[in-house]
Structure formats: structure tokens, C-alpha cells
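Structure first, commentary second.
The values are calculated or read from the model by the stated rules, or taken from the named source; none is laboratory data. The structure presented is a predicted model; accordingly, all values stated were derived computationally and were not measured. Positions of Cβ are backbone-derived with ideal geometry, glycine not excepted, and every protein chain shown enters the neighbour counts. Protein only, heavy atoms only, side chains kept; ligands, DNA and RNA dropped before computing areas. Shrake-Rupley method; radii C 1.70, N 1.55, O 1.52, S 1.80 Å.
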Amino acid sequence: MGAVLIGVRVAELSPGLHGSTFGGNPLACAAGLATLQVLEKEGLPEAAARKGEWLLTALSKIKSPLIRDLRGLGLMVGIELKTKVAPYLQALADDGVLALSAGMTVLRLLPPLVITDEQLERAVDAIDRVLKE
């Protein structure tokens, strides 16, 4: 399911010019509504903000000469390195932590909203080990 917000510059987009394969069908709408209900009931956005703040703080304590910058919003976190990230992604995967790159030098973390505090701690420990080796 998706949504489109249109600004003033394209506000006169004619009906039918923009569409979606599954947009607006009853099953997609029911799934979208159920998803929003779970997000709200379980307080997942608030938990992501709290966990993301903890994650950034924990990552900022890693003393590695490889780290150039650290940035994030909620659980979306980027660790910019001073070198190419690919070998560190592989080392993390070997340690059981899946991460992706965002460009050549940014290690991107995008864990699920339901990640536990213990799993986050384990990921930080692995990142600490990998970036110090």
C-alpha cells in the first residue's frame, strides 16, 4: 500500500495520471488499517524513538578511528566511515548482524521496529568489535 501527497506545484494532476497496482483495493486497505492499529496499540513509533536515542548514544561511545560521523532518526542510523564499508558489512554478517551500505562509506542500520533492547545491545557490541579490529 502506498500514499501520495501532492504539493501546490503539481496540485492539478489529473485523475488517472498517477496510479498504483494495488492501491485502494479492499485487501490492501484492510492490511494497511491492521498495520496502523498494531503500530498504535504497541506504541512502536514511540519505542523506535526511545530505542533509536539509546542506539545513537551507545554507538557514540565506540572509540574507533574508522568512524567519521554518526547520524540517525529513530532506528534509522548511519555510521559514516573513513573507508569503504563493504568489508565491515561482511564481518558484521559473519557475526550475525545484518546491515547495509548507504553509498560507499556509510554503514546503514535499519532494524525492525520490534527489535528488543537485548538485540540492539548485541548489535552494538558486534559493531564495536568489528570497527576496532
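At-a-glance table
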{"item": "In the stretch 89-125, the residues that are closer than 16 Å to Leu59 by Cα, open to solvent by less than 50 Å² (accessible area, probe 1.4 Å) and assigned to a loop (DSSP other than H, G, I, E, B)", "result": "Val97, Ala99, Pro111"}
{"item": "Flag if Val97 is among the β-branched types (Val, Ile, Thr), touching a strand residue (DSSP E or B) at 6+ places or on another chain (Cβ under 8 Å) and in contact (Cβ under 8 Å) with a residue 12 or more places away in the chain", "result": "no"}
{"item": "Among (1) touching a Ser or Thr at 6+ places or on another chain (Cβ under 6 Å); (2) open to solvent by 20 Å² or more (accessible area, probe 1.4 Å), the one test that Lys82 misses", "result": "(1)"}
{"item": "Of all residues in the stretch 24-65 being closer than 26 Å to Leu107 by Cβ, part of a helix (DSSP H, G or I) and basic (Lys, Arg), the one that is most open to solvent (accessible area, probe 1.4 Å)", "result": "Arg50"}
{"item": "Conditions (1) under 30 Å from Met104 (Cβ atoms); (2) part of a helix (DSSP H, G or I); (3) open to solvent by 50 Å² or more (accessible area, probe 1.4 Å); (4) touching a residue at least 24 places away in the same chain (Cβ under 8 Å); number of the one not met by Arg68", "result": "(2)"}
